[in-house]
6 protein chains.
Amino acid sequence: MKVKVSRKAHFNAAHRLFKPEWTDEKNTAVFGKCSNPNFHGHNYELIVSVIGEIDQQTGFVMDMKILKELIYEHVERAFDHKNLNVEVQEFKNLNPTAENISVVIYNKLRSKIALHLDLEITLFETSRNFVTYTGK
Amino acid sequence: MKVKVSRKAHFNAAHRLFKPEWTDEKNTAVFGKCSNPNFHGHNYELIVSVIGEIDQQTGFVMDMKILKELIYEHVERAFDHKNLNVEVQEFKNLNPTAENISVVIYNKLRSKIALHLDLEITLFETSRNFVTYTGK
Amino acid sequence: MKVKVSRKAHFNAAHRLFKPEWTDEKNTAVFGKCSNPNFHGHNYELIVSVIGEIDQQTGFVMDMKILKELIYEHVERAFDHKNLNVEVQEFKNLNPTAENISVVIYNKLRSKIALHLDLEITLFETSRNFVTYTGK
Amino acid sequence: MKVKVSRKAHFNAAHRLFKPEWTDEKNTAVFGKCSNPNFHGHNYELIVSVIGEIDQQTGFVMDMKILKELIYEHVERAFDHKNLNVEVQEFKNLNPTAENISVVIYNKLRSKIALHLDLEITLFETSRNFVTYTGK
Amino acid sequence: MKVKVSRKAHFNAAHRLFKPEWTDEKNTAVFGKCSNPNFHGHNYELIVSVIGEIDQQTGFVMDMKILKELIYEHVERAFDHKNLNVEVQEFKNLNPTAENISVVIYNKLRSKIALHLDLEITLFETSRNFVTYTGK
Amino acid sequence: MKVKVSRKAHFNAAHRLFKPEWTDEKNTAVFGKCSNPNFHGHNYELIVSVIGEIDQQTGFVMDMKILKELIYEHVERAFDHKNLNVEVQEFKNLNPTAENISVVIYNKLRSKIALHLDLEITLFETSRNFVTYTGK
């Protein structure tokens with residue numbers, strides 16, 4: 001009797017898409033206006049899902065209050081109102097595409113959540129572009 | 001050529017999270033303000049999904065008019081404007097967490113839908129907390 | 001150069017529509033299932049708007065961080081996960097319709113916000129039913 | 001490290017549900033008001049998802065600018081502000097149910113997207129009725 | 001103490017923008033693809049708002065159950081799954097733009113709602129295009 | 001018979017709240033994390049509304065295709081994927097709060113729209129914070 005429980009969160013950040021080993025021309029050719037050296041930004045909407053058996057005592061797969069705190073501590077405090085390229089350690093050498101951000105969030109939370117629970121990250125860069133990562 | 005067809009519905013209900021065999025202190029420690037003995041409530045948003053082959057005659061996996069009626073008869077009429085703990089038989093001895101409510105809805109609908117069709121329940125307790133149950 | 005600035009918030013509560021001076025029959029006739037004596041509940045979504053001149057120093061009509069705190073202190077802490085009829089002083093003798101709740105929220109916030117600023121309350125009882133009150 | 005990347009799009013179209021080999025009575029019995037011979041219509045909201053490995057050079061599963069163009073060229077230009085039954089070749093002999101439309105969109109895009117990438121189509125006929133097709 | 005109370009509803013319909021006294025060329029020049037003679041369609045989302053004093057007995061400006069019924073009877077039953085140009089009397093000689101549809105809905109409901117109450121119609125033709133009419 | 005017609009658009013941009021004539025301490029005290037010198041960003045959602053009489057020939061207050069083009073040319077092209085503080089002329093000496101951005105957008109569009117039509121700007125900085133400016 002496995003259930004997936006999901007919690008929404010959000011953070012606002014600046015970023016640019018950029019490969020330092022590429023020329024400016026190549027960065028612009030591949031990433032277009034997303035490569036603007038002065039940065040642009042997004043309201044990232046995040047859904048963190050945890051999949052597991054319902055605990056027969058509590059009726060919970062996982063206490064959403066604890067999941068909310070983990071997301072706040074490890075994602076929102078780290079990313080909110082930040083420049084991802086300049087201020088967030090994980091993106092010093094990693095292009096902050098939505099795909100890569102979702103993998104970084106997965107890895108940050110994976111070690112904080114019991115291993116018998118599966119984890120899934122959905123990240124909306126805009127309401128029109130979003131990604132899902134399940135660690136597989 | 002399997003397709004998942006989904007139908008949204010909703011009901012408004014009161015509930016509290018509560019284990020009668022626990023002390024008040026333990027209920028408060030585990031469930032926090034959700035254990036308020038005077039109850040609180042939610043606008044539950046429900047998505048019922050049915051997965052199966054497209055019928056070559058109708059072009060339907062399942063007639064959405066029939067699914068809408070089943071949801072109305074077995075979920076909305078049973079839960080809407082009710083106190084889940086006090087008035088709904090299934091929660092007399094079952095804590096009405098979103099997880100447990102989704103399993104109860106699944107079980108109520110499972111027997112009404114042809115067995116060659118898979119069933120999936122997504123239940124939004126709020127726009128920030130939601131669960132998905134597939135019967136597996 | 002007047003601008004309206006708006007901030008969203010939310011609270012989950014139980015309530016029933018009920019006039020103690022009416023018979024049960026009359027309460028049911030007027031309020032239908034909303035009068036269920038065991039209560040039902042909603043995810044109330046709240047928009048608080050403040051209208052005034054833009055401050056030439058800050059570029060703000062009002063600091064949204066302060067407005068967010070006022071809403072938290074005077075509305076969310078008072079109403080969230082509560083039974084409005086039983087636990088909230090303002091509804092001891094006032095029927096908690098969406099109309100009346102919006103007036104109560106207006107009155108609670110009006111005294112906390114500078115008088116040169118106009119105030120407007122929009123309250124969604126569900127995504128299909130909502131009310132707006134401007135104090136006029 | 002597979003990620004699903006999703007892009008939203010939309011088109012507005014007229015249609016009716018109708019089997020030419022059935023009598024009018026049978027069409028009405030099965031499809032109800034959806035079979036109105038004068039047509040009705042929808043704002044179709046479309047989510048196209050592509051699943052694959054993150055390219056280590058770009059950080060992309062697939063360039064969303066290219067996916068956006070493919071959706072525009074092969075779906076929006078073909079379906080937007082059209083009468084699906086009368087003007088779209090694929091529905092000359094296929095009932096334009098949401099299920100069948102999702103399969104047609106899948107087939108149109110499948111040949112345009114690299115085969116090492118999986119494809120998934122979600123189509124909202126209304127905000128209350130939607131379907132998902134993964135080609136399996 | 002005036003409050004605006006609002007109720008959402010929806011209907012799906014086909015239409016085309018078209019002036020019969022104009023040539024096809026002029027219709028296409030002015031209305032573009034919206035003038036397609038085979039029709040296209042929309043999921044119209046409707047908000048009907050009623051403004052008035054709160055009744056001190058009920059706590060209501062107007063009973064939402066009655067408003068819901070009026071909308072169903074006079075708008076949804078008349079427009080849902082219809083071809084507005086072909087099947088709805090009011091558009092036989094009136095171009096069914098969102099502006100004109102909102103005025104028609106206002107006029108249909110105005111005579112059914114007590115005159116001490118103001119009326120306002122908001123009609124979403126798509127989630128990106130919408131109109132508001134207050135009868136003034 | 002005045003109708004308000006509204007069109008949604010969006011742009012993604014970086015910004016910071018900052019007064020160059022203030023010390024860093026004062027900027028941080030007033031603007032908090034919004035003053036981060038490395039910038040943060042938002043998906044700005046914009047609603048441009050135009051109010052006027054319905055043209056009896058077209059049934060339009062204003063052709064939405066033209067309004068869409070004006071928004072694209074004067075707002076989206078100017079602001080999308082830009083750093084508002086660094087790259088947008090209007091904010092060289094104006095703090096890019098949501099209030100000030102809405103006034104700038106109003107002023108840019110006001111001169112492009114016929115004077116017998118009123119104009120209203122609503123700008124969502126996030127789904128929780130938004131502003132409305134009517135030029136009054």
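The values are calculated or read from the model by the stated rules, or taken from the named source; none is laboratory data. Quantities reported herein were computed from a predicted structural model and do not represent experimental measurements. Using ideal geometry, Cβ is built from the backbone for each residue, glycine included, and neighbour counts are taken over all protein chains shown.
Summary table
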item: Neighbours by Cβ (under 9 Å, 6+ apart or cross-chain): first from segment A:1-12, within 14 Å of A:Lys65 (Cβ to Cβ); second among the basic types (Lys, Arg) and not in a strand (DSSP E or B); result: A:Arg7/A:Lys68; A:Arg7/B:Arg128; A:Ala9/A:Lys68; A:Ala9/B:Arg128
item: Residue within segment E:53-68 that is part of a helix (DSSP H, G or I) and within 15 Å of the chain's Cα centre (by Cα) present; result: yes
item: Selected residue (only one of D:Lys136, D:Lys112 is over 20 Å from B:Arg7 (Cα atoms) and modelled with pLDDT under 95); result: D:Lys136
item: Cross-chain or 6+ apart pairs with Cβ under 6 Å, segment E:28-41 first and under 24 Å from D:Pro37 (Cα atoms), then hydroxyl-bearing (Ser, Thr, Tyr) and in a helix (DSSP H, G or I); result: E:Ser35/E:Thr28
item: Selection from segment E:17-34 of residues that are among the hydrophobic types (A, V, I, L, M, F, W, C) and in a helix (DSSP H, G or I); result: E:Ala29, E:Val30, E:Phe31, E:Cys34
item: Residue match in segment D:71-83 (condition: among the β-branched types (Val, Ile, Thr), more than 14 Å from chain E (Cβ to nearest Cβ) and surrounded by fewer than 19 Cβ atoms within 10 Å (Cβ to Cβ)); result: no
item: Unmet criterion (only one of (1) within 27 Å of A:Cys34 (Cα to Cα); (2) surrounded by 20 or more Cβ atoms within 10 Å (Cβ to Cβ); (3) in contact (Cβ under 8 Å) with a residue 40 or more places away in the chain) for A:Leu67; result: (1)
item: Selection count where residues are surrounded by fewer than 18 Cβ atoms within 10 Å (Cβ to Cβ) and either touching a Phe, Trp or Tyr at 6+ places or on another chain (Cβ under 8 Å) or not in a loop (DSSP other than H, G, I, E, B) (or both), scope segment D:85-98; result: 3
item: Count of segment B:1-16 residues which are assigned to a strand (DSSP E or B) and away from chain C (no Cβ under 14 Å); result: 6
item: E:Lys108 in a helix (DSSP H, G or I) and either of a type in the set (A, V, I, L, M) or away from chain D (no Cβ under 14 Å) (or both); result: yes
item: Options C:Ile121, C:Ile113, C:Ile101: the member that is within 14 Å of chain B (Cβ to nearest Cβ) and either in a helix (DSSP H, G or I) or crowded, with 17+ Cβ neighbours inside 10 Å (or both); result: C:Ile101
item: D:Ala13 vs. criteria buried (at least 23 other Cβ atoms within 10 Å of the Cβ) and either of a type in the set (Lys, Arg) or under 23 Å from B:Val61 (Cα atoms) (or both); result: yes
item: Evaluation of B:Pro96 against (1) in contact (Cβ under 8 Å) with a residue 24 or more places away in the chain; (2) more than 14 Å from chain C (Cβ to nearest Cβ) (one fails), failing number; result: (2)
item: Those residues of segment D:1-42 which are of a type in the set (S, T, N, Q) and within 30 Å of A:Glu120 (Cα to Cα), in sequence order; result: D:Ser6
item: Filter pass, D:His42 being more than 7 Å from every other protein chain (Cβ to nearest Cβ), on the phi < 0 side of the Ramachandran plot and in a strand (DSSP E or B); result: no
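Quick grid of which residues meet (1) closer than 24 Å to E:Asn43 by Cβ; (2) in contact with a strand residue (DSSP E or B) (Cβ under 7 Å, 6 or more places away or on another chain):
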{"residue": "D:Val61", "(1), (2)": "no, yes"}
{"residue": "D:Asp80", "(1), (2)": "yes, yes"}
{"residue": "D:Val86", "(1), (2)": "yes, no"}
{"residue": "D:Gln89", "(1), (2)": "no, no"}
{"residue": "D:Leu123", "(1), (2)": "yes, yes"}
